[in-house]
Amino acid sequence: MKRILIAALAVVAVGGAALQASAWGNTGHRLIGVAAVRGLPEELPAFLRTPGAAAEVGELSREPDRTKGGGQPHDRERDTAHFIDLDDAAHVMNATGPSIDDLPRLKSGYDAALVAAGLDVDDAGYLPYAIWDGYQQLVRDFATWRVLNAAEAREADPGRRAWYREDRLRREALILRDMGYLGHYVGDGSQPHHTTIHYNGWSRDVPNPEGYTTSRQTHGLFEGTFTARVARLDAVEAAMTAPQLDAFELRERVPAYLKTTLAQVLPFYQLEKAGGFAEGDARWADFTIARLAAGASELRDLFILAWRDSADDEIGWPKVKVAEVEAGTADPWLAMYGED
C-alpha cells in the first residue's frame, strides 16, 4: 500500500513550495501528450493533426491523476496502474517476483504470481498492463473510426449517412480521450521513479553503499516544481528520437521501454548526489528533457502503430472487416448500428 499512501499525501511542502507527488505532474504529462500528437505523420486522420487535438490530448493526459480519490473499489484498481516497482535486475519487487520479460498474459495471472511469491499486489503496481490495455483500446477506436468514416463517404441513404457522421464525431471524442489515457501511462513509464523500488529516495530495504538520498521528497521534487521550471515544448520536441516502427510486438516493446527507463534510475541518484537539484544546473535540465522526450517519442510511435494495426482489425457485431469496408466491398450498417 506504499504508493497509495503517497498518493493520499500528494501535496507536501518543500522549501515553501507545494509539490504534487503524482506521475510527471501537470507540466510533464501535458508536454508529453502535446509533443506526441504534434509529431504524428500525415498517414493519421486529419482531425488528429491539429493544434486543438494536440492541446486536447495534452490536457487529457492528466486525467488518470485527476480522477484519484473516488473511493473503493475505484482507487484500488486505478492507483496501482501508474507504476511497476522493479528491482535492479528488472524483477517485480525482488528476486522472487516475476521478471518484466516474462509477465503473465493477464493481469489476474500477474496478481496471482505476486501473491504466490508473498508480495503485496498494491505495492508492486501493474504499469505494463495499463499500457497494453490502453494500446489495444486505441486500436479498437481507430478501427471503428475507419469503418464509420468509409461508410459515411459511400452511404446513399441520408438517414444512415447522418447517423454515421454523428457516430464518427462521437468516436473522435473517444479517441482523444483514450489517446490521453494511454499518454498518461506511457508518460509514467518514462519517469524513472515509476519503474523502480527506489521510487521515492533509495529503498531502505536494500543496501545503499553509495549513500544515495533516502529523502521522501525526492520524487516530488523531480517531477513537480523542478520539471515545470526547466521543461519546454521546443526542447522536448528537439530531443525526440526518430520513429521506431519496425518489427513491432506489443508484448515485447512495452517491457523493453520500461527497462530503458529503469536504466536511468542509478544515473538519477548519482546526479542528485552530485548536486544536480541546484537551480540552473544544466545537467538536471538535460536529464529531465531527455526523459520527457523519451515518453513523447514512445507515445507518438504507439499512436502510429495503433493506427496501422487498426487497418487489419474486425469491428462490431456481426463482425465486419475494416479493410473490406474501406474497399467498399462490405456494408457495415448492422455491425455499427445494430440489428435489433
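The values are calculated or read from the model by the stated rules, or taken from the named source; none is laboratory data. This is a predicted model, so every value here is computed, not measured. All Cβ positions, even for glycine, are placed from backbone atoms using ideal geometry, and neighbour counts span all protein chains on display. Side chains are part of the model used for accessible areas, which takes the heavy atoms of the whole protein and leaves out ligands, DNA and RNA. Shrake-Rupley method; radii C 1.70, N 1.55, O 1.52, S 1.80 Å.
Sort through THR67, THR80, THR50 and tell me the only one that's closer than 23 Å to LEU245 by Cα and polar (S, T, N, Q). Can you show your working first?
Details: THR67 fails: closer than 23 Å to LEU245 by Cα; THR80 fails: closer than 23 Å to LEU245 by Cα.
Sole residue among the options that is closer than 23 Å to LEU245 by Cα and polar (S, T, N, Q): THR50.
Within the stretch 60-88, how many residues turn out to be surrounded by fewer than 17 Cβ atoms within 10 Å (Cβ to Cβ) and either under 13 Å from the mean Cα position of the chain (by Cα) or outside any loop (DSSP other than H, G, I, E, B) (or both)? Talk me through it step by step, then tell me what you get.
Filtering the stretch 60-88 for residues surrounded by fewer than 17 Cβ atoms within 10 Å (Cβ to Cβ) gives 63, 66-78, 88.
Remaining after also requiring either under 13 Å from the mean Cα position of the chain (by Cα) or outside any loop (DSSP other than H, G, I, E, B) (or both): 63, 66, 74-78.
Total meeting the criteria: 7.
Checking the structure you have, find out if any residue of the stretch 178-188 is of a type outside the set (Ser, Thr, Tyr) and open to solvent by 10 Å² or more (accessible area, probe 1.4 Å). Write out each step before concluding.
Initially, the stretch 178-188 is screened for residues of a type outside the set (Ser, Thr, Tyr), giving 178-180, 182-184, 186-188.
The next check asks that each one be open to solvent by 10 Å² or more (accessible area, probe 1.4 Å); those that pass are 178.
Yes, the stretch 178-188 contains at least one residue that is of a type outside the set (Ser, Thr, Tyr) and open to solvent by 10 Å² or more (accessible area, probe 1.4 Å).
Are there any pairs, at least 6 apart or on different chains, whose C-beta atoms fall under 6 Å, with the first in the stretch 40-56 and of a type in the set (Gly, Ala, Ser) and the second not in a loop (DSSP other than H, G, I, E, B), and if so, which?
Sorted first by the residue in the stretch 40-56, then by its partner, the pairs are ALA53/VAL37; ALA54/VAL34; ALA54/VAL37; ALA54/ARG38.
More than 26 Å from THR260 (Cα to Cα) and crowded, with 17+ Cβ neighbours inside 10 Å: which single residue out of ILE131, ILE100, ILE197, ILE175 fits that description?
Values: ILE131 fails: more than 26 Å from THR260 (Cα to Cα); ILE100 fails: more than 26 Å from THR260 (Cα to Cα); ILE197 fails: more than 26 Å from THR260 (Cα to Cα).
Sole residue among the options that is more than 26 Å from THR260 (Cα to Cα) and crowded, with 17+ Cβ neighbours inside 10 Å: ILE175.
Could you tell me which residue of the stretch 230-252 is least open to solvent (accessible area, probe 1.4 Å), considering only residues that are assigned to a helix (DSSP H, G or I) and among the charged types (D, E, K, R)? Working first, answer last.
Our first condition is that a residue be assigned to a helix (DSSP H, G or I); within the stretch 230-252, this holds for 230, 233-239, 250-252.
With among the charged types (D, E, K, R) added as a condition, the list becomes 234, 237, 251-252.
Working: ASP234: 109, GLU237: 57, ARG251: 84, GLU252: 127 Å².
So, considering only residues that are assigned to a helix (DSSP H, G or I) and among the charged types (D, E, K, R), the one least open to solvent (accessible area, probe 1.4 Å) is GLU237.
Please give the number of the condition GLU324 fails out of (1) closer than 30 Å to ARG140 by Cβ; (2) within 26 Å of the chain's Cα centre (by Cα); (3) part of a helix (DSSP H, G or I).
(2)
Could you please give the count of residues in the stretch 103-128 that are surrounded by fewer than 19 Cβ atoms within 10 Å (Cβ to Cβ), among the small types (Gly, Ala, Ser) and in a loop (DSSP other than H, G, I, E, B)?
The number of residues fulfilling the criteria is 2.
Could you grab me the full set of residues in the stretch 255-274 that are touching a residue at least 24 places away in the same chain (Cβ under 8 Å) and not in a helix (DSSP H, G or I)?
GLN264, the sole residue that qualifies.
Within the stretch 310-321, does at least one residue satisfy the condition of being free of Cβ contacts under 8 Å to residues at least 24 places away in the same chain, within 21 Å of GLN136 (Cα to Cα), in a strand (DSSP E or B) and open to solvent by 40 Å² or more (accessible area, probe 1.4 Å)?
Step one: of the stretch 310-321, the residues free of Cβ contacts under 8 Å to residues at least 24 places away in the same chain are 312, 317-319, 321.
Filter once more, keeping what is within 21 Å of GLN136 (Cα to Cα): 312, 317-319, 321.
Remaining after also requiring in a strand (DSSP E or B): 321.
Imposing the further condition that a residue be open to solvent by 40 Å² or more (accessible area, probe 1.4 Å) reduces the set to 321.
Yes, there is a match, as at least one residue in the stretch 310-321 is free of Cβ contacts under 8 Å to residues at least 24 places away in the same chain, within 21 Å of GLN136 (Cα to Cα), in a strand (DSSP E or B) and open to solvent by 40 Å² or more (accessible area, probe 1.4 Å).
Return yes or no: is PHE226 within 18 Å of GLY295 (Cα to Cα) and modelled with pLDDT under 90? Before you say what the answer is, go through the steps one by one.
Values: within 18 Å of GLY295 (Cα to Cα): yes; modelled with pLDDT under 90: yes.
For PHE226, the condition - within 18 Å of GLY295 (Cα to Cα) and modelled with pLDDT under 90 - is met.
Looking at THR27, THR50, which one is modelled with pLDDT of 50 or more, on the phi < 0 side of the Ramachandran plot and crowded, with 17+ Cβ neighbours inside 10 Å?
Exactly one of THR27, THR50 is modelled with pLDDT of 50 or more, on the phi < 0 side of the Ramachandran plot and crowded, with 17+ Cβ neighbours inside 10 Å, namely THR27.
Of the conditions (1) part of a loop (DSSP other than H, G, I, E, B); (2) closer than 27 Å to THR27 by Cβ; (3) among the acidic types (Asp, Glu); (4) modelled with pLDDT of 95 or more, GLU298 fails just one. Which one is it?
Of (1) part of a loop (DSSP other than H, G, I, E, B); (2) closer than 27 Å to THR27 by Cβ; (3) among the acidic types (Asp, Glu); (4) modelled with pLDDT of 95 or more, only one is false for GLU298: (1).
Which pairs do you get when a residue that is open to solvent by 50 Å² or more (accessible area, probe 1.4 Å), found in the stretch 276-288, comes within reach of a residue that is not in a helix (DSSP H, G or I), reach meaning Cβ atoms under 8 angstrom, with the pair 6+ apart or on two chains?
Taking only residues 6 or more apart or on different chains, the pairs are ARG283/ALA274; ARG283/GLY276.
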